[in-house]
Amino acid sequence: MTTAFKIKTTLGDITLSLYDDTPQHKKNFEKLVKENYYDGIRFHRVIEGFMIQTGDPLSRSDDNRMLHGTGGPDYRIPAEIKHPNLKGSLAAARDNNPQKASSGSQFYINQADNDFLDGEYTVFGMVTDGLDVVDKIATVEKDFNDNPVDPVTIETIEAIQGQK
């Protein structure tokens, strides 16, 4: 099964490899990519020196911009907390819930080592190419909600066949 993906953004490409030992998160990400779920979704929370977050379908437009970061499918994924939040790691976002269950679609990429998040969020992959793009996204101009003033959008995410 494919475990590598290329996120094509308006600022460049980011290649990810997913971990096999977080199977529920891997399977969910693969399903959403196959459905083209992420096409047109923006990075809605960008904090330089911390992380860049995306995956909210409400972010496809500026309507209800204040709601960016609150949308997604109507399910959560059980926590699979095993890996540290290192620079370039891919992790599932979540709301505050005692089970630490993850959002059905929102994820972030750490732009720095964020060990204070370890044990709190499921890390389910790693950037293998395109950290320069992560850094570029992190430096764009943001509004008071850390939402880029000029949208940074996922054009598509494609599976890379034969990668591990």
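The values are calculated or read from the model by the stated rules, or taken from the named source; none is laboratory data. Quick caveat: nothing in here was measured; it's all calculated off a predicted structure. Because the Cβ atoms are built from the backbone with ideal geometry, glycine has one as well, and the counts that use them run over all protein chains shown.
The residues in the stretch 85-113 that are of a type in the set (D, E, K, R), in contact with a Lys or Arg (Cβ under 8 Å, 6 or more places away or on another chain) and either crowded, with 16+ Cβ neighbours inside 10 Å or under 17 Å from Lys26 (Cβ atoms) (or both) can be counted, and the count is 2. The set of residues in the stretch 57-86 being among the acidic types (Asp, Glu) and either modelled with pLDDT of 95 or more or more than 16 Å from Pro151 (Cα to Cα) (or both) consists of Asp74, Glu80.
Checked against (1) of a type outside the set (Val, Ile, Thr); (2) in contact (Cβ under 8 Å) with a residue 60 or more places away in the chain; (3) under 20 Å from Val123 (Cβ atoms), Met66 passes all but a single condition, namely (3). Residue selection: Asp118 fails the criterion of being surrounded by fewer than 21 Cβ atoms within 10 Å (Cβ to Cβ), more than 16 Å from Asn28 (Cβ to Cβ) and modelled with pLDDT under 95.
When the stretch 41-75 is filtered for residues that are touching a strand residue (DSSP E or B) at 6+ places or on another chain (Cβ under 6 Å) and of a type in the set (S, T, N, Q), the ones remaining, listed by number, are Gln53, Thr54, Ser59.
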